[in-house]
1. Taking residue 142 and the conditions (1) modelled with pLDDT of 95 or more; (2) over 23 Å from residue 21 (Cα atoms), which numbered condition does it fall short on, given that it satisfies the others?
2. Suppose we keep only residues that are assigned to a loop (DSSP other than H, G, I, E, B) and modelled with pLDDT of 95 or more within region 36-67. Which one would you say is surrounded by the most Cβ atoms within 10 Å (Cβ to Cβ)?
3. Quick one: would you say residue 86 is under 15 Å from residue 125 (Cα atoms), under 17 Å from the mean Cα position of the chain (by Cα), at pLDDT 95 or above and not in a strand (DSSP E or B)?
4. Can you give me the number of residues within region 95-138 that are free of Cβ contacts under 8 Å to residues at least 12 places away in the same chain and more than 18 Å from the chain's Cα centre (by Cα)?
5. If residue 78 satisfies all but one of (1) in contact with a helix residue (DSSP H, G or I) (Cβ under 8 Å, 6 or more places away or on another chain); (2) crowded, with 20+ Cβ neighbours inside 10 Å; (3) modelled with pLDDT under 95; (4) not in a loop (DSSP other than H, G, I, E, B), what's the number of the condition it fails?
6. For region 97-109, how many residues are touching a helix residue (DSSP H, G or I) at 6+ places or on another chain (Cβ under 7 Å) and at pLDDT 95 or above?
7. Is there a residue in region 139-154 that is in contact (Cβ under 8 Å) with a residue 40 or more places away in the chain, closer than 17 Å to residue 98 by Cα and within 19 Å of the chain's Cα centre (by Cα)?
8. Please enumerate the residues belonging to region 135-177 that are closer than 19 Å to residue 112 by Cα and exposed (fewer than 14 other Cβ atoms within 10 Å of the Cβ).
């Protein structure tokens, strides 16, 4: 059994630090940014399934979902599961993130297991695109330990997620579904 530093301690840390950065900067998003640390993704998705059961009638109020379950490699952009118009709506965000090398966007069929119920309900979904060259060297192994996390890259991911979450929470127009 691994310690889970890369999968998915890093993702939890990134999400928590993204919320912390928004708060430290005294930013007040128009919409709620909810950080959820689900459990049991590899063994049945119990946390995600319970959230879906508890909130399925509220999907229309979920503006977007962002999952951080890809480790902590250098971020290079955002995966998007949604309509192609979203890319144009997020162009200013991509421009801001481009300076750090994280301005790329990629449309995908699936973003993440934990937010899959929201994906199926057509809630626009996102995840960081990360340098994953070494991710599967440690993923689900006893070598998935904290020493494999590069603090600078963890901080970069937190910044990208903070920018994306804050920007999404402040868009004037709803994202197309």
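The values are calculated or read from the model by the stated rules, or taken from the named source; none is laboratory data. In this text the structure is predicted, and so the values were computed from the model without any measurement. So basically every Cβ, Gly included, is an ideal-geometry build from the backbone, and we count neighbours across all protein chains shown.
1. Of the numbered conditions (1) modelled with pLDDT of 95 or more; (2) over 23 Å from residue 21 (Cα atoms), the odd one out for residue 142 is (1).
2. Taking the candidates together, the pick is 67.
3. yes
4. Residues flagged as free of Cβ contacts under 8 Å to residues at least 12 places away in the same chain and more than 18 Å from the chain's Cα centre (by Cα) within region 95-138 amount to 4.
5. Result: residue 78 fails condition (3) only.
6. 4
7. Yes - at least one qualifying residue is present in region 139-154.
8. Within region 135-177, 136, 140, 177 meet the criteria.
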